[in-house]
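Undergrad: Pasting a structure here, questions to come.
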Amino acid sequence: MISRKIKVLVVDDSAVSRDFIAHLLQSDPAFEVVGGAHSGVEAIAALGRHKPDVVTMDIHMPGMDGYEVTRQIMETQPLPIIIVSGSYDPVDVEKTFRAMEAGAVAAIGKPAGVGHPNHAAGVLKLINIVKAMAEVRVVRRWTKQRMAARATETAVLPRAGARVRLVVIGASTGGPPVLHTVLAGLSKPFPLPIVIVQHISSGFVQGLVDWLKNTTGMPVRLARHGELVQPGTAYVAPDGGQLRVETDGRLVFGLEPAEHGLRPSVSFLFRSIAKNYGSQAVGVLLTGMGRDGAEELKLMRDCGAVTIAQDEASSIVHGMPGEAIRLGAAVHVGNPERITALLQSLAATVPRQLSTATP
């Protein structure tokens, strides 16, 4: 634990934005903003002078963008980097997820200005994310080379009592790179539909979908109310509501209350899967803060589902999967490559001629 003040370096090409972020952070006595940088070159030089615990990084900068700065920092003097972006331009959002693949631990939108109804919530979210990420000692990159080197175990799953019809995945902080590893590593076409809840700042989910679709080789789309899930496609829950899957494979997106303060929540999705699919499902809980989905993964296991949790060593934050493991919810525990191998092994048992969208 960091007992002294958390030293933050704020990187943004706008002096106004740098001052704004610094002011918000220093409103909490836990932080000391030790410096600012207006460019990637200046940011890299500032690391040696200021020795920050954590960096907040804008993605849209002249010269080296936030992706390239993140990559260079992670190759030379790795430390937690949080992307703080005010732009939802598709190009910048795509760069945000490339930066997370390069090693950034989280992405968040810039809080709204003073007087905006969402200002206080945005400030609190920024402060909480920076505090949590400052505790991350090792920032990991999930590359294809690393995946190939570590996926050495043969994954053998027990025989399922019923035909598996779909996979559901829940993730939070640090989740996008792990989702990338898993989806990229699966055979194409994958014989099961995959439904995903990823906690992410408002405005970033479509960028996440586009990035995964363009870089994993798997069809990935934003879940739409009323559509039937299809084998070989990954569906990501939209912002601002709760997603469930009916017994016939129909996606339902509604405005039910938040759970664990979250909409969408992993708990809501997993509970619907336990009820409607029982032993015909696979549940996966990945890195993330809090406990969203942990009890519901246990419910899925109690209903006969195959359940998997990410291990502590490979998790940016082991809150959600750690709680699931503590509850005895996970049949299997492993790193992203192991999880991919488990899903691949399970997929090999699915008859190709059977549709997983219907009972």
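The values are calculated or read from the model by the stated rules, or taken from the named source; none is laboratory data. Predicted, not measured: the structure shown is a model, and the values here were computed from it. FYI the Cβ positions are ideal-geometry reconstructions off the backbone, even for glycines, and counts take in every protein chain you see. We work out accessible area using only protein heavy atoms, side chains counted, and drop any ligands, DNA or RNA first. Shrake-Rupley method; radii C 1.70, N 1.55, O 1.52, S 1.80 Å.
Undergrad: If a/c stays under 1.5 just call it rounded; otherwise compare a/b with b/c (prolate if a/b is bigger, oblate if not). Do that for the stretch 189-271, with a ≥ b ≥ c from the square roots of the Cα gyration tensor eigenvalues.
TA: Judged from the Cα gyration tensor, the stretch 189-271 comes out oblate (a/c at least 1.5, b/c at or above a/b).
Undergrad: OK, next. Within the stretch 210-345, what percent of beta bridges assigned by DSSP are antiparallel, to the nearest 5?
TA: Restricted to the stretch 210-345, the bridges split so that about 35 percent are antiparallel.
Undergrad: Now for a different question. Using protein chains only and a probe of 1.4 angstrom, how many square angstrom of LEU222 are accessible, to the nearest 10?
TA: Roughly 50 Å² of LEU222 is accessible to a 1.4 Å probe.
Undergrad: Oh, and also: Viscosity 1.002 mPa s, temperature 20 °C: what is the translational diffusion coefficient of the chain from Stokes-Einstein with a Kirkwood Rh over Cα pairs, rounded to a whole number of µm²/s?
TA: 104
Undergrad: In square angstrom, what is the accessible area per residue of the stretch 222-359 with a 1.4 angstrom probe?
TA: Details: 5140 Å² over 138 residues.
Here the per-residue accessible area is 37 Å².
Undergrad: To the nearest whole percent, what portion of all C-alpha pairs in the stretch 266-359 is separated by more than 16 angstrom?
TA: Everything past 16 Å amounts to 53 percent.
Undergrad: Could you order THR340, THR76 by accessible surface area, starting with the largest, using a probe radius of 1.4 Å?
TA: Order by accessible area, largest first: THR76, THR340.
Undergrad: Roughly speaking, to the nearest percent, how much of the stretch 168-257's 1.4 Å accessible area is carbon and sulfur?
TA: Percent of accessible area from carbon and sulfur atoms in the stretch 168-257: 55.
Undergrad: P(r) for the stretch 191-333, please, calculated from all Cα pair distances in 5 Å bins and given in %.
TA: Here the calculated profile for the stretch 191-333 is 2, 11, 19, 23, 23, 17, 5, 0.
Undergrad: Okay, moving on. With every protein chain kept in the model, how would you rank ASP292, ASP28 by accessible area, 1.4 Å probe, largest at the top?
TA: ASP28, ASP292
Undergrad: Which log10 I(q)/I(0) values, to two decimals, does the stretch 35-77 give at q = 0.21, 0.22, 0.25, 0.33 Å⁻¹ under the Debye formula with one point per Cα?
TA: For the stretch 35-77, the Cα-only Debye profile gives -0.60, -0.66, -0.86, -1.45.
Undergrad: Turning to a different aspect of this structure: Around GLU256, what is the net charge, scoring Lys/Arg as +1 and Asp/Glu as -1 over all other residues with Cβ under 9 Å from its Cβ?
TA: +1
Undergrad: Over the stretch 1-135, how many pairs of lysines fall under 14 Å by alpha carbon, counting only those 8 or more apart in sequence or from different chains? Walk me through the numbers on the way to the answer.
TA: On the way: LYS5/LYS51; LYS5/LYS131; LYS7/LYS51; LYS7/LYS131; LYS110/LYS125.
Count of close lysine pairs: 5.
Undergrad: Under a straight-distance cross-link criterion of Cα-Cα below 20 Å, which lysines are reachable from LYS188, leaving out those fewer than 8 residues away in the same chain?
TA: Qualifying lysines at Cα under 20 Å: LYS144, LYS213.
Undergrad: Given the DSSP H assignment, sum -39500 (n - 2.57) over each helix run of at least 4 residues in the chain and divide by its residue total; what's the result at 222 nm in deg cm²/dmol, nearest 500?
TA: The helix contribution divided over the chain gives -11000 deg cm²/dmol.
Undergrad: Also, I was wondering about something else. Quote the accessible area belonging to LYS188 in square angstrom, nearest 10, computed with a 1.4 Å probe and with ligands, DNA and RNA left uncounted.
TA: Looks like 80 Å² after rounding.
Undergrad: By a straight-distance test (C-alpha under 23 Å), which lysines pair with LYS275 as possible cross-link partners, with residues fewer than eight away in the same chain excluded?
TA: LYS275 reaches LYS298.
Undergrad: Kindly report, to the nearest 10 Å², the accessible surface of HIS318 as traced by a 1.4 Å probe over protein heavy atoms only.
TA: That residue has around 50 Å² of solvent-accessible surface.
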